[in-house]
Every structure is written in C-alpha cells, then in structure tokens.
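The values are calculated or read from the model by the stated rules, or taken from the named source; none is laboratory data. Model, not experiment: these values are computed from the prediction. As a convention, Cβ positions derive from the backbone with ideal geometry for all residues, glycine included, and neighbour counts pool all protein chains shown.
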Amino acid sequence: MNHSSVKQWGINLVLIALAAMLGLVLETAQASPQTAVQAPTCPAVLNHSFDRLQDEKPQSLCQYAGKVVLVVNTASFCGFTSQYKGLEALNTQYKDRGLVVLGFPSNDFAQEKGSNKDIADFCESSFGVKFPMFTKTQVTGDGAAPLFKQLTAQTGQKPRWNFHKYLIGRDGKVIDQYSSMTGPESKTLLSAIDTALKAKP
C-alpha cells in the first residue's frame with residue numbers, strides 16, 4: 001500500500017468515526033424530547049415519601065401520579081373502622097381504571113395506639129386490606145405531615161375524625177374532601193370518583 005493509499009485510508013476512518021458520532025448525537029437529540037414527554041410529572045400534593053406499613057420501607061407517592069387518589073386517615077379502634085372493608089372493595093373495583101386508595105393510620109384521635117406491625121396485622125386479618133397503607137402518621141396540628149397540611153390548606157378542612165377522605169384528580173389537584181360520615185359506598189363519593197376517572201391527566 002503506497003503513501004497515498006495509506007493517507008486516504010486514514011481519512012476514510014476519520015470520516016466514518018465522525019459520521020458515527022454525528023449519528024449518535026442526532027439519535028440522542030431525537031430521543032430526549034420523547035423521554036421528557038414520557039416521564040411522569042409528580043404534582044406537588046404527591047411529592048412526598050412515607051414508609052410502607054408492612055415493612056417500613058420508604059415509598060414515594062409520586063408513583064401514583066396520573067391516578068385518581070383517595071387519601072384516608074384510618075384507625076383500628078373506631079366506630080368507622082368497618083369502612084376498611086368498603087375502601088378495599090372500592091380499590092379493587094376501580095384500580096384497573098386508575099384509582100388507588102391510600103391509607104394513613106393515625107393516633108390523632110387516640111384510637112390507633114398499636115405498633116405499625118399491630119396495625120398491619122389487624123388490617124390484613126380483619127379486613128383483607130391490600131391497598132397501600134403507610135406507617136402511623138400525624139394528620140392534624142402543627143406536626144401534621146406535609147401531605148395533610150397541603151390537603152387541609154387546599155380544601156379548608158382538616159381531618160375532623162378518623163376516616164376523613166380527600167379525593168385527588170389525575171392532574172394532581174384536590175377535587176374535594178369528605179367527612180367520616182361519607183362512607184366508601186356513598187353515591188356522592190362514587191359519582192365524584194367516576195367523574196375523576198373519566199378525566200384525562
């Protein structure tokens with residue numbers, strides 16, 4: 001191979017390398033916008049982390065972005081504790097359409113004194129609860145979890161008792177709040193959930 005051929009061969013290699021690099025840059029540039037569109041946006045009201053009740057491992061509520069979320073503060077020894085059954089039925093019935101019920105045990109009303117393990121065992125054995133539950137949480141007062149402070153601020157209503165409910169739409173905006181007297185089978189609540197599920201995120 002003469003000097004001219006070697007030189008041309010070297011130029012060809014450089015050109016091939018440059019073409020490959022250019023192709024990679026273009027591919028990355030084209031993929032980036034698509035990735036940005038697909039990445040879920042976490043609304044402020046869900047931008048919190050809580051420990052899971054069963055194993056106390058941190059869980060980001062951002063994983064529920066784009067869903068209709070029903071937040072409920074719960075207790076094991078309350079006149080409304082039987083609502084666990086209806087909440088589980090609600091979660092099972094509508095989860096494929098995009099609903100998730102989130103339970104937050106609280107001793108704010110002196111009816112949840114057990115350990116997290118006690119609460120988990122009670123919910124599972126007594127009501128077969130499968131929807132996501134989190135460790136004992138303060139829901140009222142200055143020490144309330146930021147999630148509940150936001151829910152209170154946006155609705156003008158703090159939890160007045162156990163099994164108070166807040167409904168959050170697919171867009172991350174709080175739709176409404178419901179007292180303990182509004183059970184999981186309430187037509188008012190079911191209608192609001194159905195409407196929220198039909199809305200696009």
Are any residues in region 105-118 over 15 Å from Glu88 (Cβ atoms), at pLDDT 95 or above and not aromatic (Phe, Trp, Tyr), and if so, which ones? Ser106, Asn107, Asp108, Ala110, Gln111, Glu112, Ser115, Asn116, Lys117, Asp118
Out of Leu147, Leu102, report the one residue that is in contact with a Pro (Cβ under 6 Å, 6 or more places away or on another chain) and at pLDDT 95 or above. Leu102
Every residue in region 187-201 that is assigned to a loop (DSSP other than H, G, I, E, B) and touching a helix residue (DSSP H, G or I) at 6+ places or on another chain (Cβ under 9 Å), please. none
Assuming Gly183 fulfils every condition listed in (1) under 22 Å from Lys95 (Cβ atoms); (2) assigned to a helix (DSSP H, G or I); (3) over 16 Å from the mean Cα position of the chain (by Cα); (4) of a type outside the set (Asp, Glu) apart from one, which condition is it? (2)
Just for region 86-103: of the residues that are touching a Leu at 6+ places or on another chain (Cβ under 8 Å) and hydrophobic (A, V, I, L, M, F, W, C), which one is farthest from Ser126 (Cα to Cα)? Leu99
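Can you report the number of residues in region 173-201 which are in contact with a Ser or Thr (Cβ under 8 Å, 6 or more places away or on another chain) and not β-branched (Val, Ile, Thr)? Please lay out each step first, then the result.
Quick first cut of region 173-201, residues in contact with a Ser or Thr (Cβ under 8 Å, 6 or more places away or on another chain) only: 174, 176-178, 182, 188-189.
Among the residues that remain, those that are also not β-branched (Val, Ile, Thr) are: 176-178, 189.
Counting residues in region 173-201 that are in contact with a Ser or Thr (Cβ under 8 Å, 6 or more places away or on another chain) and not β-branched (Val, Ile, Thr) gives 4.
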Go through region 147-158 and count every residue that is surrounded by 19 or more Cβ atoms within 10 Å (Cβ to Cβ) and not in a helix (DSSP H, G or I). 0
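Does region 159-173 contain any residue that is surrounded by fewer than 18 Cβ atoms within 10 Å (Cβ to Cβ), out of contact with any strand residue (DSSP E or B) (no Cβ under 7 Å at 6 or more places or on another chain), farther than 22 Å from Asn91 by Cβ and not hydrophobic (A, V, I, L, M, F, W, C)? So that I can check it myself, show each step before the final result.
So the first thing to find is which residues in region 159-173 are surrounded by fewer than 18 Cβ atoms within 10 Å (Cβ to Cβ), and the list is 160-161, 171, 173.
Subset that is out of contact with any strand residue (DSSP E or B) (no Cβ under 7 Å at 6 or more places or on another chain): 160-161, 171, 173.
Imposing the further condition that a residue be farther than 22 Å from Asn91 by Cβ reduces the set to 160.
Next, only the ones that are not hydrophobic (A, V, I, L, M, F, W, C) stay: 160.
Taking every residue of region 159-173 in turn, at least one turns out to be surrounded by fewer than 18 Cβ atoms within 10 Å (Cβ to Cβ), out of contact with any strand residue (DSSP E or B) (no Cβ under 7 Å at 6 or more places or on another chain), farther than 22 Å from Asn91 by Cβ and not hydrophobic (A, V, I, L, M, F, W, C).
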